[in-house]
Amino acid sequence: MKKMGLKKSFLLLSVAGILASLLVIGTTFVVGETITAKYPKGGIIITDKGIVRELANPTKEQLQVINLTAWIEVLTCVLAPVGCLGMASLLFYRFKLEIPIAVLQNGTERIRAHDLAFTIPEVSGDELGQICGAFETMRVELLRSNQELWRQAEERKRLNAAFSHDLRNPLTVLKGTVKLMKQGTADEHALERMEIYVQRLEQYVEAMSSIQRLEQIPVRKIRVKLPLLCDEVEETARLLAAANLKRGEQEQNFGEVFRVPDILVDTGDNSVDGSRQSVELDHGLFLTVAENLIGNAVRYANNRISIRLSVCEDRQYMDDGRKHLIMTVADDGNGYPVKLITEGPKPFGKMEEDASHFGMGLYTSSMLCTKHGGMLVLTNEANGGAKATAVL
């Protein structure tokens, strides 16, 4: 019955109902005739010889039974078809309609309540079963669409947060340079630095506006002199540290507090001058990583941060036989949480609740290092403080 179609099932139950009603009517008439045959009929009998004989009449009680039997036979002819067809309809609803309708109603209510974490079972092989199967397919597609929309919304949220976060540091550097120029204390490279940062912002905005996910940010490598990177990192540290001073606090000598040691170049040839070396990398991505790591160090340092740049083949991080640019930023703060070191940076992962920060710096830096064929390693110093090592 469950595998039979609705039309065949309805026809089968209807025919069964009609046959059952005929059986009930026939049984009623047979039983009635059996009962009334025991009672006298009354009237007369005329034989072939013309003899008239009067038959015994039924008593009053017997006559009531005979009349009741006749009424029962008449009512049976009317009620039996109606009752049997009604029972056939109830059975049709019970076997063919009740479960699929309940399943579809439950599914509709859950979808209306924005709950797609359920499944529509296979109830039968008829038309309603096929509708339930189509409903399940629709639910799966709707769930997949909602998950994709949610993923896109999360990606857009993550992209916007990274965009806002990574714009803040270059703007801070530009604001610091403008401040120094107003005070008349800017160096001779101030305008050149501002031009570089403006071009970088233009390129960054153009790149971010053409992608849908943070991982799609393009890597555009150019050859850059190491002394230039060293100067940019040192100037970034000065300006970011100045931006984090409390109002009214005295200016510090950032040349002593925040410094970049000499460039270390492991070439195997002592005659090579490291100051003349150059590296091929995405200049903008490198500065973004540097600004994020330095900005974090400045925020959490107590008195001092240290920054070190080196170009070498360091098998501790990347054992691929090539030289890498390694930037290490360390501070004397409280260090990274153990969970952050073991699980790695996560989007919107904040070590403290601060509405002015997005919790995207370390995550973005890690992703950019990976995009650049490297990695970001977070550790805590043995004597206290945090150390971030960016390998590109």
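The values are calculated or read from the model by the stated rules, or taken from the named source; none is laboratory data. None of these values were measured; they are calculated from a predicted model. Cβ sites come from the backbone with ideal geometry, for glycine too, and all protein chains shown count toward neighbours. Ligands, DNA and RNA are excluded from the accessible area calculation, which covers all protein heavy atoms including side chains. Shrake-Rupley method; radii C 1.70, N 1.55, O 1.52, S 1.80 Å.
By how many nm would the segment from E98 to Q216 lengthen if fully extended, with 0.36 nm per residue of separation less the alpha-carbon distance?
Contour length minus Cα-Cα distance gives 37.3 nm.
In whole Hz, with x marking every Gly and Pro, tabulate ³J(HN,Hα) for segment 304-311 from phi via Karplus 6.51 cos²θ - 1.76 cosθ + 1.60, θ = phi - 60°.
Per-residue couplings from phi come out as 8, 10, 9, 10, 9, 10, 8, 10 Hz.
Between D231 and T379, with labels modelled 7 Å along Cα→Cβ, what's the label distance in nm to one decimal, could you check?
For D231 paired with T379, the spin-label model returns 3.2 nm.
Suppose a student asked you for the relative contact order of segment 1-146, using Cα pairs under 8 Å spaced at least 6 residues apart; what percent would you report?
Numbers: 119 pairs, mean separation 45.9, N = 146.
Relative contact order, segment 1-146: 31 percent.
So for the pair E154, V338, with labels modelled 7 Å out along Cα→Cβ, what separation do we get in nm?
2.7 nm
In segment 49-74, which residues have a backbone nitrogen under 12 Å from the label point lying 7 Å from K41's Cα in the Cα-to-Cβ direction?
Counting only backbone N, you get 55-56.
Testing the spin-label approximation: label points 7 Å from Cα along Cα→Cβ at N146 and F10. State their distance in nm.
Distance between the two pseudo-spin positions: 3.4 nm.
Among H114, H372, what's the order by accessible area (1.4 angstrom probe), most exposed first?
My answer, sorted largest first, is H114, H372.
Once you have a ≥ b ≥ c as the square roots of the Cα gyration tensor eigenvalues for segment 9-143, tell me rounded if a/c is under 1.5, and otherwise prolate or oblate according to whether a/b is larger than b/c.
Prolate, because a/c is 1.5 or more and a/b exceeds b/c.
Would you mind telling me the share, in percent, of accessible area of segment 1-142 contributed by carbon and sulfur at probe 1.4 angstrom? Walk me through the numbers on the way to the answer.
Numbers: 6820 of 9960 Å².
Here carbon and sulfur together make up 68 percent of the probe-accessible area.
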